[in-house]
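Written below as structure tokens is the structure these notes are about.
What follows draws every value from the coordinates through simple rules; no lab data is involved. All of these numbers come straight from a predicted model, not from anything done at the bench. Methodologically, a virtual Cβ is constructed for each residue, glycine included, from the backbone with ideal geometry; neighbour enumeration extends over all protein chains shown.
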Amino acid sequence: MRKRFVSSIDRPERRPMPAERPADAPTAETKPESPSPGTNTAEQLGAILARIEELHTSHRTLEHMAKTLEQGEFYDLLYNYTRPWRIVYTNLLAGITRGLGITIGATVVFAVVVLVLRHFVTLPLIGAYIANLLDLVDQHRSNIR
């Protein structure tokens, strides 16, 4: 089963450590400033709407980046890069499977060719050649047993 790329929406937000927090960021000790009674509510709403639009734009950008990384199979690349023994195991298993497949396939094809050639022994032109070939195969079989 292929794992899906986890976007920032799927995982909880990580809170920055105190050393990472900007100096002007509010902390637990300081409360955000409440609007003063003389400020214009329309200006505050405009600022809030501008901030929401900015967040929405950055969210669309992040989602686009997440989809692009998922389509590029970036997760699979990182997974294989961080686990080199998995690559060795996968390639070893693939090599063994190919070797067995080629061996079994060649055996089946050769057996079918021999069965077909046995029916052509009676042909006048190539019958003698095929008979000699079948005699060689029979001699080889008797030497193996």
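Tell me, what are the semi-axes, in whole angstrom and largest first, of the equivalent ellipsoid of region 65-145 as set by the roots of 5 times the Cα gyration tensor eigenvalues? Don't jump to the answer; show the numbers that get you there.
On the way: eigenvalues 544, 58, 8 Å².
One finds semi-axes of 52, 17, 6 Å for region 65-145.
Which number comes out as Rg/Rh for region 53-102 once both Rg and the Kirkwood Rh are worked out on C-alpha atoms? Walk me through the intermediate numbers first.
Working: Rg = 18.5 Å, Rh = 13.7 Å.
A ratio of 1.35.
Take peptides 44-55, 59-70 and line them up by average Cβ neighbours within 10 Å, highest first, as a rough protection proxy. Please report the intermediate quantities before stating the final value.
Numbers: 44-55: 10.2, 59-70: 12.8.
Per-residue mean Cβ counts within 10 Å order the peptides as 59-70, 44-55.
If we sort 125-138, 85-98 on the protection proxy, mean other Cβ atoms within 10 Å, highest first, what's the order? Walk me through the numbers before you get to the answer.
Details: 125-138: 12.1, 85-98: 10.2.
Result, highest mean Cβ count within 10 Å first: 125-138, 85-98.
Relative to the present Cα-Cα distance, how much length would full extension add between L133 and Y79 at 0.36 nm per residue of separation?
On the way: separation 54, 0.36 × 54 = 19.44 nm, distance 5.37 nm.
The L133-Y79 span can extend by a further 14.1 nm.
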